[in-house]
Amino acid sequence: MYGLMGPSGAGKTTLLDVISHRLKHPAKRRGDVLYDAHRPTISEVRRDASYVEQNDDVLNSMGHFTVFEYVLFAAMCKLPASQGWDKKAKKIERVDQVLRQMSLDQVKTTVLGNANVGLRGVSGGERKRVAISVGILCNPRAI
């Protein structure tokens, strides 16, 4: 596992946006992003990498979901039947495994919450771990 660290404003998010083909900016860019010694296609990036945003708008909009419901919803969307994830029970098992791995099993029945509407839920650190849980569901090579 690799980490990218630096002070605020150093360009960490911009670098990851370039690598993941998310940067939609008119600025001139030069050079290539190489992955396994070649320029990856968008489908290769999506298959092998998971992107956890600083501020997850989807998570924020689903504050009435419990931790388990939210991660299961993501599993239902992200884990393809073509790769052996054809049964809901297998997806539930994977969600439970990830929640244990992220030390979220104790809060899995707690709502996410949304401070904008006064709905209390999990802590800020737990919210970030929920977002990371969604990111690791598919065992990506890079997160």
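The values are calculated or read from the model by the stated rules, or taken from the named source; none is laboratory data. All values derive from a computational prediction rather than experimental measurement. Positions of Cβ are backbone-derived with ideal geometry, glycine not excepted, and every protein chain shown enters the neighbour counts.
Computed values, structure above
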quantity: Residue count, the stretch 44-68 (criterion: in a helix (DSSP H, G or I) and either within 29 Å of Gln106 (Cβ to Cβ) or of a type in the set (Asp, Glu) (or both)); calculated: 9
quantity: Meets criteria (outside the structural domain of Lys12 (by TED's automatic domain parsing), within 30 Å of Leu15 (Cβ to Cβ) and free of Cβ contacts under 8 Å to residues at least 40 places away in the same chain) for Val122; calculated: no
quantity: Residue that is modelled with the lowest pLDDT, among those in the stretch 99-119 that are touching a strand residue (DSSP E or B) at 6+ places or on another chain (Cβ under 8 Å) and either on the phi > 0 side of the Ramachandran plot or not hydrophobic (A, V, I, L, M, F, W, C) (or both); calculated: Gly113
quantity: Selection count, the stretch 34-43, where residues are part of a helix (DSSP H, G or I) and either of a type in the set (Lys, Arg) or more than 18 Å from Leu15 (Cβ to Cβ) (or both); calculated: 1
quantity: Residue pairs meeting the criteria (Cβ under 9 Å; at least 6 apart or on separate chains; first under 13 Å from Ile143 (Cα atoms), in the stretch 4-17; second of a type in the set (S, T, N, Q) and assigned to a loop (DSSP other than H, G, I, E, B)); calculated: Thr13/Gln54
quantity: From the options Val122, Val71, residue that is of a type in the set (A, V, I, L, M, F, W, C), surrounded by 16 or more Cβ atoms within 10 Å (Cβ to Cβ), in contact with a Ser or Thr (Cβ under 8 Å, 6 or more places away or on another chain) and assigned to a loop (DSSP other than H, G, I, E, B); calculated: Val122
quantity: Ser103 being touching a residue at least 24 places away in the same chain (Cβ under 8 Å), of a type in the set (Ser, Thr, Tyr), out of contact with any Phe, Trp or Tyr (no Cβ under 7 Å at 6 or more places or on another chain) and not in a helix (DSSP H, G or I); calculated: yes
quantity: Any hit, the stretch 81-95, residues being in the same structural domain as Pro140 (by TED's automatic domain parsing), under 18 Å from Ala142 (Cβ atoms) and in a loop (DSSP other than H, G, I, E, B); calculated: no
